[in-house]
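Contents: one structure, followed by commentary.
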Amino acid sequence: MQFEYNIEAGNFTKAGDASSNFKKVLKQLNVDPQIIKRIVVSLYEGEVNIVAHSYGGKVICEVNPKKVWIRLIDTGPGIPDIEKAMQAGYSTASPKVREMGFGAGMGLPNMKNNADILNIKSEVGKGTEVEIIVNLN
Amino acid sequence: MEQKHFHHALKIDHDICIGCAHCMMKCPTEAIRIRGGKSILYPNRCVDCGECFKACPVSAIFIDQDDYNQIKNYTHRIALVPSVFFGQFPKEIPHEEIVNAIKANGFTDIYEVETSVELLSEKINAYVKKAEKKPVISSFCPAIVRLIQVKFPSLTENILLLKPPLDTTALYCRKKLVDNHINPAEIGVFYITPCAAKIAAVKSPVGEDFSVITGVINMDTLYNKVYGYIKNNKNQFAEVEWNDQLTEKAFRWMLTNGEAKHIQGRCLAIDEIHNVIRFLERVENDELKDVDYLELRACDQSCTGGVLLTNNRFLTTERMKTTKINTQPDTSAGNINEYRSYLEKRIVLQEVKPRSMLSLDENMEEAMRKLELSSQALSILPLVDCGICGSPSCQAFATDIAQGEAELQQCIFIQKDKEIKGQISPKKSVEIMKKIWGKEKFNPDIEKS
């Protein structure tokens, strides 16, 4: 089954809506609560990244009895140095974003900790595509 | 293994119920449906918060309590009274007089529920300090513990695995009597409850094998007896020996922020079940960083807003906040500190198991099929959440359809559409409505009015 959610850039009020919606789906599908938590934590971090850094994007979530496959696709500035972005504490968030309690530089590392597979493709000036895979068994 | 059935203190009297759906629309876990003109409760979704009890205009929802007279089956009849009971009386009535009136109504010993708070708060602080799962969520409010089990299963690991003050104090006063050579069979411990959830917790405790509490008396029942006694015996107040045992911290523990205020670290206090639900959504997404402790209570104003309280919650809260308390923690012999090591071994709760109500089916492929069905149904529903179909919202109705518990034509919008297309007759349409709302609501004399 596939679910798609649009993510608005800059609107922190709505950051978390896609995660909450997909979380409800996973609960209905009787996915183990602790696995749901891992999926939702990484999805939420990805969602906040799109809100904070991109010009807008979408999340495509696919679920089958074996795994959950999530793609977070945005148009935006892209990530110049993915390796650096993966380091805990490294952040390019603006002071405005930090004031709101985001941008601690834990987003991507936290996603990596919670996902079974995390792939990042990014093109500077164009956008970023993050792929998250979590196994259900 | 998830436990399937739970004791519920909230009951619906179908002889009184008029099927008005007020309760269904208020239930925060969508546990009520209307069928045959009556409210039906889905027991596995109910968390005993009492919202339906407050909403019912005809008092058809009642809270099942133990027979008051059963206290007489015991020689030693202990009333476990929460501080909020005292908070309901006008300030002019001294606590001694209230205690005297409780004794006049059959109890031999009176213990304040919060007697164990000083000891417990120390234990909670130690627990939070070394807890791996943060935020630790208080185990104080049983409606919240159940809410987490059914709606936020991944957060069951965050629940504080220490017994609430009620259970701890019950253990203490029972043990104290037994140590005084009293036959345990002669001891009856009765809890005076401010809400339904506490009853449910006593009757089917979460994270414990059994409860040390013998029975439960609704607070309004005792309040009426006690206040009546005080009113009718104005001039014959017998002096009873009573010293307030509770410190200020203990006396106000059940108020909002009563707990959180005394736990070290970053703590938040949230009351009212809808507020709690919205907040837990965020906790579940891991949106909160560095929060150590959450005090969550199902009732607005916490226990002073309990459904079994007689007086206004704001006035009770104000009274409890302004009552002067000078009691210092009692370290003398014979009090709870003497039982510290006995209690420490017994106040640990077992792991709290999730029992998700949201899962459509245990088998994921079957659950997917049902999710597909409910999404299809939802896409053609009007999304006005009118409740005419007998379900509390279009979303809940769509799920009911997928579960085979409702039919699409119960929706009034779809019904009208089918009628106009000649797919169902007006007679059939009325029959569908009667099945949901009962025959009585269709008055054949309607033309006359």
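The values are calculated or read from the model by the stated rules, or taken from the named source; none is laboratory data. A quick note: this is a predicted structure, and the numbers were derived from the prediction, not measured. FYI the Cβ positions are ideal-geometry reconstructions off the backbone, even for glycines, and counts take in every protein chain you see. To get the accessible areas, we keep the full protein, side chains included, count just its heavy atoms, and leave off ligands, DNA and RNA. Shrake-Rupley method; radii C 1.70, N 1.55, O 1.52, S 1.80 Å.
Less than 17 Å apart at the alpha-carbon level, and either on another chain or at least 8 residues along: which aspartates and glutamates does that give for residue B:72?
B:109, B:186
As a test of reading the structure, rank B:405, A:62 by solvent-accessible area (1.4 Å probe, protein chains only), most first.
On the way: B:405 90, A:62 60 Å².
Per-residue accessible area, sorted high to low, gives B:405, A:62.
Where a Cα-Cα gap under 15 Å defines reach, which aspartates and glutamates qualify for residue B:427, not counting those fewer than 8 residues away within the same chain?
Once the sequence-local aspartates and glutamates are set aside, what remains near residue B:427 is B:417, B:419.
Counting other Cβ atoms within 10 Å, which GluC sites (Glu not before Pro) in the stretch B:142-249 have at most 12 and lie in a DSSP loop?
Values: sites: B:157, B:186, B:208, B:239, B:241, B:248; in loops: B:208, B:239, B:241.
Filter output for the stretch B:142-249: B:239, B:241.
Using r as the Cβ-Cβ distance of residue B:375 and residue B:323, and R0 as 45 Å, what FRET efficiency do you calculate, to the nearest 0.05? Before the final figure, lay out each step's value.
Values: r = 55 Å, r/R0 = 1.21.
So, using R0 = 45 Å, E works out to roughly 0.25.
Between residue B:311 and residue B:428, what's the calculated FRET efficiency when r is the beta-carbon distance and R0 is 60 Å? Round to 0.05.
Values: r = 51 Å, r/R0 = 0.85.
About 0.70, to the nearest 0.05.
Just reorder B:284, B:419 by solvent-accessible area, largest first, 1.4 Å probe, all chains present.
Details: B:284 5, B:419 50 Å².
Largest to smallest exposure gives the sequence B:419, B:284.
How much accessible surface area, in Å² rounded to 10, belongs to the heavy atoms of residue B:346 with a 1.4 Å probe?
So the heavy atoms of residue B:346 present about 90 Å² to solvent.
At a threshold of 8 angstrom on Cα-Cα distance, excluding pairs fewer than six apart, so keeping six or more, what relative contact order does chain B reach in percent? Walk me through the numbers on the way to the answer.
Numbers: 738 pairs, mean separation 94.4, N = 449.
The normalised contact order for chain B reaches 21 percent.
For residue B:131 and residue B:405, calculate 0.36 nm times their separation in residues minus their Cα-Cα distance, and state this gained length in nm to one decimal. Kindly include the intermediate steps, with their values, before the conclusion.
Working: separation 274, 0.36 × 274 = 98.64 nm, distance 4.26 nm.
Extra length available between residue B:131 and residue B:405 comes to 94.4 nm.
Straight-line reach only, C-alpha to C-alpha below 17 angstrom: list the aspartates and glutamates that residue A:67 could link to, leaving out same-chain residues fewer than 8 apart.
Straight-distance partners of residue A:67: A:4, A:32, A:116, A:131, B:362, B:365, B:366.
Under the Kirkwood approximation applied to all pairs of distinct alpha-carbon atoms, what is the hydrodynamic radius of the stretch A:2-135 in Å? Walk me through the numbers on the way to the answer.
Values: mean 1/r = 0.0680 Å⁻¹.
Radius from the Kirkwood sum: 14.7 Å.
Ranked by accessible surface with a 1.4 Å probe, highest first, in what order do B:253, B:437 come?
On the way: B:253 5, B:437 35 Å².
So the residues, ranked largest to smallest area, are B:437, B:253.
On a 0 to 90 degree scale, rounded to 10, what angle separates helix A:33-53 from the longest Cα axis of chain A?
Long axis of A:33-53 versus the principal axis of chain A: about 30 degrees.
Give a quick list of trypsin sites (Lys or Arg not before Pro) in the stretch B:377-449 that DSSP marks as loop, anything other than H, G, I, E or B, with at most 12 other Cβ atoms within 10 Å.
Here the trypsin sites (Lys or Arg not before Pro) that fit, given the DSSP loop and packing criteria, are B:421.
Modelling each spin label as a point 7 Å along the Cα-to-Cβ direction, I'd like the residue A:86/residue B:261 distance in nm, to one decimal.
Result: 5.0 nm between the two label points.
Thinking of the stretch B:310-422 as a set of Cα atoms, what percent of all their pairs are more than 17 Å apart?
Roughly 73 percent, once rounded to a whole number.
Just how much of residue A:69 is accessible, in Å², when a 1.4 Å probe is used and the result is rounded to the nearest 10?
70 Å²
Give me a comma-separated list of calculated 3J(HN,Hα) values for the stretch A:82-88, in order, Karplus coefficients 6.51, -1.76, 1.60 applied at θ = phi - 60°, integers in Hz, x for any Gly or Pro.
With coefficients 6.51, -1.76 and 1.60, one gets 4, 4, 5, 5, 7, 6, 4 Hz.
When averaged across all projection directions, what area in nm² does the alpha-carbon convex hull of the protein assembly as shown cover? Could the numbers behind the result be given before it?
Details: hull surface 131.3 nm².
Its average projected convex-hull area is 32.8 nm².
Can you tell me the FRET efficiency between residue B:346 and residue B:240 if r is taken as the Cβ-Cβ distance and R0 is 30 Å, rounded to the nearest 0.05?
Numbers: r = 31 Å, r/R0 = 1.02.
It comes to 0.45.
List, in the order given, every pair from A:23/B:198; B:103/B:198; B:151/B:203; B:134/B:324; A:58/B:418; B:129/B:175 whose Cα-Cα distance in the structure shown is over 32 Å.
Details: A:23/B:198 30 Å; B:103/B:198 23 Å; B:151/B:203 21 Å; B:134/B:324 35 Å; A:58/B:418 38 Å; B:129/B:175 29 Å.
Listed pairs above 32 Å: B:134/B:324; A:58/B:418.
So how long is each side of the stretch B:1-137 along the principal axes, counting just the alpha-carbon atoms, biggest first, in Å?
Sorted largest first, the three principal extents are 50, 48, 33 Å.
Given the Cα-Cα distance of residue B:383 and residue B:18 and 0.36 nm per residue of separation, how much length would full extension add, in nm?
Values: separation 365, 0.36 × 365 = 131.40 nm, distance 2.54 nm.
Extending this stretch completely gives an extra 128.9 nm.
Where the eigenvalues come from the Cα gyration tensor of chain B, what are the semi-axes √(5λ) of the equivalent ellipsoid, largest first, in whole Å? Walk me through the numbers before you get to the answer.
Details: eigenvalues 389, 147, 68 Å².
Equivalent ellipsoid semi-axes, largest first: 44, 27, 18 Å.
Enumerate the amide H contacts of residue A:7 below 5 Å, restricted to partners 5 or more residues apart or on another chain; note that Pro and chain-start residues carry no placed amide H.
The answer is A:57, A:58, A:59.
How far, in nm, would the chain grow between residue B:221 and residue B:413 when pulled straight, counting 0.36 nm per residue and subtracting the alpha carbon separation? Before the final figure, lay out the partial values.
On the way: separation 192, 0.36 × 192 = 69.12 nm, distance 4.57 nm.
Taking 0.36 nm per residue and subtracting the Cα distance, the gain is 64.5 nm.
Over 26 Å between C-alpha atoms is what I'm after, so list which of A:37/B:249; B:123/B:289; A:27/B:353 land there.
Values: A:37/B:249 36 Å; B:123/B:289 23 Å; A:27/B:353 15 Å.
In this structure, A:37/B:249 exceed 26 Å between Cα atoms.
Over 22 Å between Cα atoms, which of A:24/B:130; B:133/B:261; B:261/B:321 qualify?
Working: A:24/B:130 31 Å; B:133/B:261 20 Å; B:261/B:321 14 Å.
The answer is A:24/B:130.
Residue by residue through the stretch B:12-24, which ³J(HN,Hα) values in whole Hz follow from phi under the Karplus form 6.51 cos²θ - 1.76 cosθ + 1.60 (θ = phi - 60°), with glycine and proline marked x?
Per-residue couplings from phi come out as 10, 8, 6, 6, 9, 4, 9, x, 8, 6, 4, 5, 4 Hz.
Report relative contact order for the stretch A:2-135 in percent, whole number only (criteria: Cα-Cα under 8 Å, sequence separation at least 6).
Numbers: 261 pairs, mean separation 35.9, N = 134.
Relative contact order of the stretch A:2-135: 27 percent.
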